[in-house]
Amino acid sequence: MAMLHIIRSSGYNNNVLAQCLNMLLPNDSILLMDDGCYNVNHKLLLKAQLAAPELKIYFIEQHATARAQKNTAQTFSPTTLTDVVTLLFQHDNSITWS
Amino acid sequence: MSEAIPNNITDNMTSNRTVAILNTEAPFSSATGKESLDTALIFGSYEQAISLFFIGDGVFQVIGDQNATEIEIKDYLKTFSALGFYDIENIYVCRESLTERNLPENFHISNIQVLSNKDFSQRLHQHNVIFRF
C-alpha cells in the first residue's frame, strides 16, 4: 500500500522527519507542508532521495515561498493545496507528521 | 438507526476499515499519551478494529515499573489494562526504538509484539486510517 507522508514541522527542531523516513517504504511519497517546507534542503531528505531516486517529494510552493525556502537541488516537486486532494487519493492512506 | 442511513454510508462506518494509532511521545510531560489511549478506547467501544503502534519516545509509555503517582501525576497507564475489554489486541512496539534507548522488553501490558523497523512499517501501512499522537 502506498502511503502519503505529510510533514508539517522542521526537521531541525525535532526528529519527526527522521521518524518518518524510518517508516518509508517503496511507493510512498512525501509532502512538505507549513513548517515542513523548512526541510526542502534537509540532508536527510536529500539522502533519502539519492538512495531511492523514484521517491516523490512534494512541497506546497506557497508555503515554501512565504518562508523564503527554495529547493536548491530542484528534485522536489512544487504543488498547491488544491492538488493535495488528488495526491491524497493517489495513495492508499496518509500519515501526518506534525 | 441503521434504517435511516443508506447502506453505502453504513458500509463505510463498519469495522472493515482498520484504524492505527501511532504513539511517538513519552507519557508524562504532556497529555498526548492519555488522549491517544482515550481515542483508542472510544474506537474500541464502537467495535472499530484498531491497532496501537509505539515508536520513538512512544515506547516509554509501555515500559514496565513506572510510577506516576510518585511525581503526583494521575496514573493513566493503568487504563492500558482496559484495552483487553475492548478487544484491542494488536499492540506493536518498534524494536529499534527500544534498542536506541537501551530498554529491555519489559512492558506493563501483555500482548505486546515487538517488531523490527521494517515489519513495524509494513504493519502500519496495512491500515486505512492512521492517527499520530
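Every number here is computed from the coordinates shown, using simple stated rules; none is lab data. Fair warning: this is a prediction, and the values are worked out from it, not measured in the lab. All Cβ positions, glycine included, derive from the backbone under ideal geometry; neighbour counts span all protein chains shown.
Each peptide in A:31-40, B:107-116 receives the mean, over its residues, of other Cβ atoms within 10 Å, and ordering these scores from highest gives A:31-40, B:107-116.
Given their separation in residues at 0.36 nm each and the Cα-Cα distance between them, residue A:98 and residue A:85 gain 2.8 nm when the chain is fully extended.
Once a ≥ b ≥ c are taken as the square roots of the eigenvalues of the Cα gyration tensor of the protein assembly as shown, is the result rounded (a/c under 1.5), prolate (a/b larger than b/c) or oblate (a/b not larger than b/c)? The shape class here is oblate. Shape class for chain A, computed from the alpha carbon gyration tensor (a ≥ b ≥ c): rounded, with a/c under 1.5.
Charged side chains reduced to their Cβ positions (Lys and Arg at +1, Asp and Glu at -1) give the protein assembly as shown a dipole of some 720 debye around its Cα centre. Evaluated with a Cβ-only charge set (Lys, Arg +1; Asp, Glu -1), the stretch B:18-132 carries a dipole of roughly 240 debye about its Cα centre, given to the nearest 20. Remark: A:61, A:54 ranked as A:54, A:61, counting other beta-carbon atoms within 10 Å and listing the fewest first. Only the Cβ atoms of Lys and Arg (+1) and of Asp and Glu (-1) were treated as charged; on that basis the dipole of the stretch A:3-97 about its Cα centre amounts to roughly 300 debye.
Placing pseudo-labels 7 Å out from each Cα toward the beta carbon at residue B:65 and residue B:126 gives an inter-label distance of 3.3 nm. Separation of the stretch A:1-15 from the stretch B:14-44 is 19 Å, based on Cα centroids. For chain B, the relative contact order works out to 33 percent when only alpha carbon pairs closer than 8 Å and six or more residues apart are counted.
Simple spin-label estimate for residue B:29 and residue A:25 gives 3.1 nm between the two label positions (7 Å along the Cα-to-Cβ direction from each Cα). Between residue B:73 and residue B:105, the contour length at 0.36 nm per residue exceeds the alpha carbon distance by 9.1 nm.
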